[in-house]
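Report on one structure; see the data block that follows.
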Amino acid sequence: MVLKIISRKRDTCFMFYSGKGGVGKTSVAAATAMWLAAKGRKTLVISTDPAHSLADSFDTRIGGEVRKIDKNLYAVEIDPKLSMKEYKDMLSPELEKISALKGFGLDEAFDMAGTTPGIDEIASFDSFLKYMSSSEYDIIVFDTAPTGHTLRFLSLPDVLDSWIGKLIKIRMRLSGITTAVKKLIGSGADDGRDSALEKLEEVKKRIAQAKETLSNPDRTEYNIVMIPEAMSIYESERSLSFLKRCNIPIGNIIVNQIIPENTRCKFCSSKRALQLRRLVDIRKRFSPCKVLELNLFEEEVQGKKTLRRVAKELYG
């Protein structure tokens, strides 16, 4: 799947890497980004994990602004606190106005407590949409949060689509109410235009485009990183079922931390034998996905030199 991605010459492609905490997804994402950049593709790697470790993996400072870290290779760590603050500043006045409208019988149409996604998730998703709509890069690699958070994040297009749809209905229902109410919700002078409604329609359009891109196998692939242990296998299997329901194309299953053969170490041989049995199970459970294997390194995977070793072992 990776070779298919790098062979494309038009449209930005997107590669997601996710998995249970501690399986090495950041190392794999960083190594993949380096490998793609070395193939001549302008590559951006983005960390959407609130507990960023991308900078640690590259052993260099990254931060919240896009930074060049090698030839054809750029990186950024989305700052959830900053994104959330910006969103709160922008939305707080509007949310107060909407809350005030409950007295007009709109509670059923818009339940703030029941349908509104978390402000932190909205903020992160908005940053995500910004990069997904960019045409500046050939490939964008996403180093995502641990599985549960990521799956909730990927379900946001449907949640937000429903939420924005309700807001649009509310806005249209209010169009016949008095000028005082119009001023209350910020529509300004009655010039025949509803700028707020136009903005909501634009957001809805962007969400629809994101949903289309996420389900396009020519532009998107989701890679699951795991280790050959029961809990990781079960969690990855649940992730796969969710992704299939969301029509998100699956790329590779990457099995990390496989102990290399060592006949002089009884413990190592016993542990490796168990892992090899798990690998047989993984290939059956995740068929027809391609399973890539990555050995446990004798040193910590940190810095460009070691990341190149990871990429070579994964992709040749």
In region 20-37, residue surrounded by the most Cβ atoms within 10 Å (Cβ to Cβ) [restricted to those that are among the polar types (S, T, N, Q) and touching a strand residue (DSSP E or B) at 6+ places or on another chain (Cβ under 7 Å)]
Thr32
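Quick check on region 261-286: of everything there that is farther than 22 Å from Ala29 by Cα and part of a loop (DSSP other than H, G, I, E, B), which residue is farthest from the chain's Cα centre (by Cα)?
Arg264
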Could you please find all residues in region 12-27 being under 15 Å from the mean Cα position of the chain (by Cα) and aliphatic (A, V, I, L, M)?
Met15
Which ones in region 233-259 are polar (S, T, N, Q) and in contact with a helix residue (DSSP H, G or I) (Cβ under 9 Å, 6 or more places away or on another chain)?
Ser236, Ser239, Asn247, Asn252, Asn256, Gln257
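Just so you know, all these numbers are worked out from the coordinates, no wet-lab data involved. Please read all numbers here as calculations on a predicted model, not as lab measurements. Positions of Cβ are backbone-derived with ideal geometry, glycine not excepted, and every protein chain shown enters the neighbour counts.
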